[in-house]
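The values are calculated or read from the model by the stated rules, or taken from the named source; none is laboratory data. None of these values were measured; they are calculated from a predicted model. Quick reminder, even Gly has a Cβ in these numbers, built from the backbone with ideal geometry, and neighbours come from all protein chains shown.
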Amino acid sequence: MSIVKNIAGIAKGMSITFKEMLQPSEVENYPDGAGPMRGAIFQERFRGKHQLQRDENGLEKCVACFLCAAACPSNCIYIEAAENTEEKRISSAERYAKVYNIDYNRCIFCGYCVEACPTDAITHGHGFELASLNATNLVMRKEDLLVGIQTLPNAVNSSKDRAESLA
C-alpha cells in the first residue's frame, strides 16, 4: 500500500510541475524598462544604497555624532569629524563629518544606522545596482552618498537671478 501511496504522491507533484511549465513566465521589465529604475518595482521598506541627506538650507544634516557607527553590527561605517567655522559652514551644528565612508563589502543592510541617527541624516535609498568585481569600488565615500542640492519647487528664477548665477 505504501508503494501505491508514494507513486500517487510523485504523480501529483509531477502534475503540478507540468502545469506550471506550460504557464507563461511573469517577469519585471528590467533592465529595459522606462524611467530611472528601468522597470524595477520596489516595496516601500526596501533598503538600498545609503543616502546622506541635506536640510532645507542645503547644509548637511550629519553632525558627526558617531551614533550610526556605534549602532552598526558589522562595523562598516567610518567617520572623521571636523569643526565648522563661520567662513566655511558645512552643517548647521558645530561639527560635521569630514570623512564618511560605508564599506558595502561588510554592510548587511540592517538599518540600525538609520534608526540610530538623531538628525535623520542617513537614510536608505532605492539604489540597488551595487555589484562590482573590484572590492575597492564598494567603499562609498561621502561624495558618493550625499544627495545633491535641490532647488525649492516653488522658486521662480528671474532673468536677473540667472544672470547672477552665470557671473
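Scan the stretch 126-148 residue by residue and report those that are touching a helix residue (DSSP H, G or I) at 6+ places or on another chain (Cβ under 9 Å) and either in contact (Cβ under 8 Å) with a residue 24 or more places away in the chain or β-branched (Val, Ile, Thr) (or both). Correct list: Leu130 only. Selection of the stretch 69-121 for residues being polar (S, T, N, Q), over 17 Å from Leu146 (Cα atoms) and in contact with a helix residue (DSSP H, G or I) (Cβ under 9 Å, 6 or more places away or on another chain) yields Asn75, Asn105. Yes or no: Cys62 touching a strand residue (DSSP E or B) at 6+ places or on another chain (Cβ under 6 Å) and either more than 25 Å from Leu130 (Cα to Cα) or at pLDDT 90 or above (or both)? The answer is yes for Cys62. Figure legend. Inter-residue proximity from the stretch 55-83: first residues closer than 17 Å to Ala116 by Cα, second residues among the acidic types (Asp, Glu), beta-carbon distance below 7 Å, spacing 6+ or different chains. Indicated pairs: Lys61/Asp55; Lys61/Asp120; Cys76/Asp103. Look at the stretch 20-60 and say how many of its residues are out of contact with any His (no Cβ under 8 Å at 6 or more places or on another chain) and basic (Lys, Arg). Total satisfying the criteria: 3.
Taking (1) of a type in the set (Phe, Trp, Tyr); (2) surrounded by 10 or more Cβ atoms within 10 Å (Cβ to Cβ); (3) not assigned by TED's automatic domain parsing to the domain that holds Ala131 in turn, Tyr96 satisfies each apart from (3).
A Cβ distance below 6 Å, combined with a sequence gap of six or more or placement on separate chains, defines the contacts here; from the stretch 29-47, residues that are touching a residue at least 12 places away in the same chain (Cβ under 8 Å) reach residues that are in a loop (DSSP other than H, G, I, E, B) and small (Gly, Ala, Ser) in the pairs Arg47/Gly111. Of all residues in the stretch 1-36, those satisfying the criterion of being more than 30 Å from Gly127 (Cβ to Cβ) and outside any helix (DSSP H, G or I) are Met1, Leu22, Gln23, Pro24.
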